[in-house]
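Each remark here refers to the structure printed beneath this line.
The values are calculated or read from the model by the stated rules, or taken from the named source; none is laboratory data. Computed from a predicted model, the values in this text were never measured in an experiment. Because the Cβ atoms are built from the backbone with ideal geometry, glycine has one as well, and the counts that use them run over all protein chains shown. Ligands, DNA and RNA are excluded from the accessible area calculation, which covers all protein heavy atoms including side chains. Shrake-Rupley method; radii C 1.70, N 1.55, O 1.52, S 1.80 Å.
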Amino acid sequence: MEEYRIKGLSCAHCAAEIEKKIRSLEHGESATLNYNTGKLKIDEKVDLKQVEKILSEDGAFIEKTQAHHHEHEHSHHQGVNLKFLLIVSTALYFIAFFLEKQTNSFLVIGLYLIAMVISGYQTFLKGLKNLVKLKFNIDTLMTVALIGAISIGEWKEATVVAILFGLNEYLEGIGMEKARKSMEKLLEVAPKQATVLKDGIEKVVPIESLQVGDIVLVKPGEKIPSDGVVMEGKSSVNEAAITGESLPVEKESGETVFGGSINNEGILKIEITKSYEDSSLAKILHLVEEAQETKTPTELFINRFAKYYTPLIMIVAVLVMVIPPLFFGAEWNKWFYQGLAVLIVGCPCALILSSPIAIVSGITRNARNGILVKGGVFLEQLGKINTIAFDKTGTLTKGEPHVEKVTVYIDDQDEFYRIIGSIEKNSSHPLAKAIMKKVVETEVALHDPEEIETVSGQGIIALIQGKRYWVGNEKSISHLQITEKVKADIEKMKEEGLTLVLLADERQVMGLVGISDEIREESKSVIKALHQVGIQHTVMLTGDHQKTAEKVARKVGVTEYHANLLPEDKVEKVKELTLKGKVAMIGDGINDAPALATADLGIAMGKGTDSAIETADIVLMQDHLGKLPSAIRTAKKVNRIIKLNISLALGLKLLALLLTIPGLLTLWIAILSDMGATILVTLISLTILWENKEHNVIN
């Protein structure tokens, strides 16, 4: 498939018509033309000359990348051109208007006619072609209205209609272009080239030629070309392009970096782990582009509606023209004119625009914040969600154990840390790592054990300076009589949902360590913010035991929780929840994939594990939930705005149509109702792009 940028598309309806024509060409059946992105995808076998001909009939053209600058000039020139023609025709209209009283009517009609031709000739030509083929769209309606107005000598009105329609087309183009530009600006974060180190020589290469294993040098202020691992150097890196987080992240040897992030101060030597097209950034940009190409249920409905709506309006117009004169002896001229006005009211422009600009703006705004919504459909869904299910580990908690409580029974506390540290320092077990973090803080000197033996399911037995020690769970101290005090402490820690590690020697329990999964600092405020943006149910799902789950649920403030769940139980729970409401499931991707797929909406956490990005409908590129409330707020705003746009578009038309009852509808009121709706719909949709700083993030 070949991909082309198309400029000059006048409306979504026209884009759909062009797509239909291209599909009728040989090998063209798989062609897609998307109005939101302005992209045409066609089979390479399709005759491009014919495609260009179809496009040019509608005033559109292919933007050539080689001559990008020239073409940009062309599209800019086209915009300026239309603006210039509109100014000239408006000036001619006013001259004619003032000369009407003083001079010969042929001159005045001539001026009106020139003004009409200058501003409306493209519409007129398209409309005539459509009329011959009996194809009814916006251009056909306008053309019939113009011919009708001229035929009854309404020169002035016909000229106003042509000028206002030209202005409408111009403004409509600007609105969609603005939303697209905002999206393109987002896509510009992609780095263009990289400095590769080969045999000590620096060489600048285009980003596409980067390969896994290449060593690149990134100087201060430069973009990191693709995902990789720091080999040498230390610097802070701005990852805003990927995660939406503006605070710099410190990087040093051995740490991973994302392509597209900006190196702030030091020089970094990085080994590339993913070729550019597989990097997080490339995936994000690809997803964002694809997202605009999916049609939402509302858009599909509007497009279907417009298909039947235009012919229906034509029938109504004919009835308005014919019924009053035939049955009520009214003037033919007056009602013919009213019928023409009804035709213009029938333009479905504003209606078709109700959704796309708002959707593109919403997706762009969220993408700027590091929230990837994979399509308009999911954005619409996000705004309707009332229940969110969270996987606990790695989502509400950090997913790594940390020491929460230590009880020491021997007098020398340092001795306790020294022994437990000496035993655990060589273990790679997550609990051992948590204990070591605590031991390091105490700065005690550690020993090397003479012997070490791991007992499966219990713990470790070690010999240090000729003395034997046991570290592990309760089973590991079966050789001891436990005192009542120790028993009570063990029970209490269990009650609190802590995982226990005991240290004992041959005679007594030396101390207890209570370990838990640390709750993320922002979890509580995020849950509160979610309740504020209208999420009624927050449900935590976890495989952990009841006590741990209860403790986390209480601390973060979720409305309900379910513990001891296996991955398949999570899927069942999500299914149950979907019966009661619209459910989003949030997980960190790997083991949550089935549950993410089952929910109405799957949201994946984190620095993009591949399976998460693929399974989820929405991906939070940060490693926390802080931006989720603002994403939901944006989605709700998009849904509200689309509803408002549809009501405005239809409401203004209905008002104009009601004016036909007393016979007050004029052609220019008709076009103003259509144009007013189009302009309002465009402006209201673009408000989504305005960032409202205080809503943006919850730390």
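Can you name the helices (runs of 4 or more DSSP H) wholly within segment 404-523 that have at least 1 residues being free of Cβ contacts under 8 Å to residues at least 24 places away in the same chain and closer than 30 Å to V556 by Cα?
Qualifying helices (runs of 4 or more DSSP H): 430-442, 484-495.
Could you tell me how many of the residues in segment 186-216 are surrounded by fewer than 18 Cβ atoms within 10 Å (Cβ to Cβ) and in a strand (DSSP E or B)?
Qualifying residue count, segment 186-216: 11.
From the set of residues in segment 122-159 that are in a helix (DSSP H, G or I) and small (G, A, S), which is farthest from Y93 (Cα to Cα)? Reasoning before the result, please.
Going residue by residue through segment 122-159, those that are in a helix (DSSP H, G or I) are 122-132, 138-151, 155-159.
Narrowing the set further to residues that are small (G, A, S) leaves 127, 145, 148-149, 151, 158.
Working: G127: 22, A145: 18, G148: 19, A149: 16, S151: 19, A158: 11 Å.
By that ranking, first place goes to G127.
Taking interchain pairs and intrachain pairs at least six residues apart, which have beta carbon atoms under 7 angstrom, with the first residue in segment 647-661 and closer than 15 Å to I684 by Cβ and the second part of a loop (DSSP other than H, G, I, E, B) and open to solvent by less than 70 Å² (accessible area, probe 1.4 Å)?
Every condition considered, the pairs that remain are A649/S354.
Taking the options E277, E271, name whichever one is closer than 28 Å to A604 by Cβ, surrounded by fewer than 17 Cβ atoms within 10 Å (Cβ to Cβ) and at pLDDT 90 or above. If you could, list the steps in order and put the result at the bottom.
Working: E277 fails: at pLDDT 90 or above.
The match here is E271.
Could you check how many residues of segment 542-581 are among the hydroxyl-bearing types (S, T, Y) and more than 21 Å from L530 (Cβ to Cβ)? Step through it out loud before you land on a result.
Step one: list which residues in segment 542-581 are among the hydroxyl-bearing types (S, T, Y), which gives 542, 548, 559, 561, 578.
Pick out the ones that are also more than 21 Å from L530 (Cβ to Cβ) and you get 548.
The qualifying residues number 1.
Considering every residue within segment 524-534, establish whether at least one is open to solvent by less than 50 Å² (accessible area, probe 1.4 Å), more than 19 Å from L628 (Cα to Cα) and not small (G, A, S).
Of all residues in segment 524-534, those open to solvent by less than 50 Å² (accessible area, probe 1.4 Å) come to 525-527, 529-530, 533-534.
When the remaining residues are screened for being more than 19 Å from L628 (Cα to Cα), the result is none.
Looking through segment 524-534, none of the residues is open to solvent by less than 50 Å² (accessible area, probe 1.4 Å), more than 19 Å from L628 (Cα to Cα) and not small (G, A, S).
Failed condition for K283, given (1) more than 25 Å from A179 (Cα to Cα); (2) open to solvent by 20 Å² or more (accessible area, probe 1.4 Å); (3) not in a loop (DSSP other than H, G, I, E, B), with all others met?
Against the list (1) more than 25 Å from A179 (Cα to Cα); (2) open to solvent by 20 Å² or more (accessible area, probe 1.4 Å); (3) not in a loop (DSSP other than H, G, I, E, B), K283 comes up short only on (1).
Taking P324, is it modelled with pLDDT of 85 or more and either part of a helix (DSSP H, G or I) or within 27 Å of the chain's Cα centre (by Cα) (or both)?
yes
When residues of segment 538-561 are filtered for being under 30 Å from the mean Cα position of the chain (by Cα) and open to solvent by 50 Å² or more (accessible area, probe 1.4 Å), how many remain?
Matching residues across segment 538-561 total 3.
Please go through segment 648-695 and pick out each residue that is surrounded by 13 or more Cβ atoms within 10 Å (Cβ to Cβ) and either of a type in the set (S, T, Y) or at positive phi (or both).
Passing the criteria: T660, G663, T666, S673, T678, T682, S685.
Restricting attention to segment 20-31, does a residue exist that is small (G, A, S), under 29 Å from T364 (Cβ atoms) and either open to solvent by 10 Å² or more (accessible area, probe 1.4 Å) or part of a helix (DSSP H, G or I) (or both)?
Step one: filter segment 20-31 for residues small (G, A, S), giving 24, 28, 30-31.
Adding the requirement that they be under 29 Å from T364 (Cβ atoms) leaves 30-31.
Now restrict to residues that are either open to solvent by 10 Å² or more (accessible area, probe 1.4 Å) or part of a helix (DSSP H, G or I) (or both): 30.
Scanning segment 20-31, I find at least one residue that is small (G, A, S), under 29 Å from T364 (Cβ atoms) and either open to solvent by 10 Å² or more (accessible area, probe 1.4 Å) or part of a helix (DSSP H, G or I) (or both), so the answer is yes.
Within the group D391, D414, which residue is of a type in the set (D, E), over 20 Å from L281 (Cα atoms) and either touching a Cys at 6+ places or on another chain (Cβ under 8 Å) or buried (at least 24 other Cβ atoms within 10 Å of the Cβ) (or both)?
Numbers: D414 fails: either touching a Cys at 6+ places or on another chain (Cβ under 8 Å) or buried (at least 24 other Cβ atoms within 10 Å of the Cβ) (or both).
Exactly one of D391, D414 is of a type in the set (D, E), over 20 Å from L281 (Cα atoms) and either touching a Cys at 6+ places or on another chain (Cβ under 8 Å) or buried (at least 24 other Cβ atoms within 10 Å of the Cβ) (or both), namely D391.
Which of the residues belonging to segment 566-597 are open to solvent by 40 Å² or more (accessible area, probe 1.4 Å), modelled with pLDDT of 80 or more and either in a strand (DSSP E or B) or among the β-branched types (V, I, T) (or both)?
Scanning segment 566-597 gives a single hit, T578.
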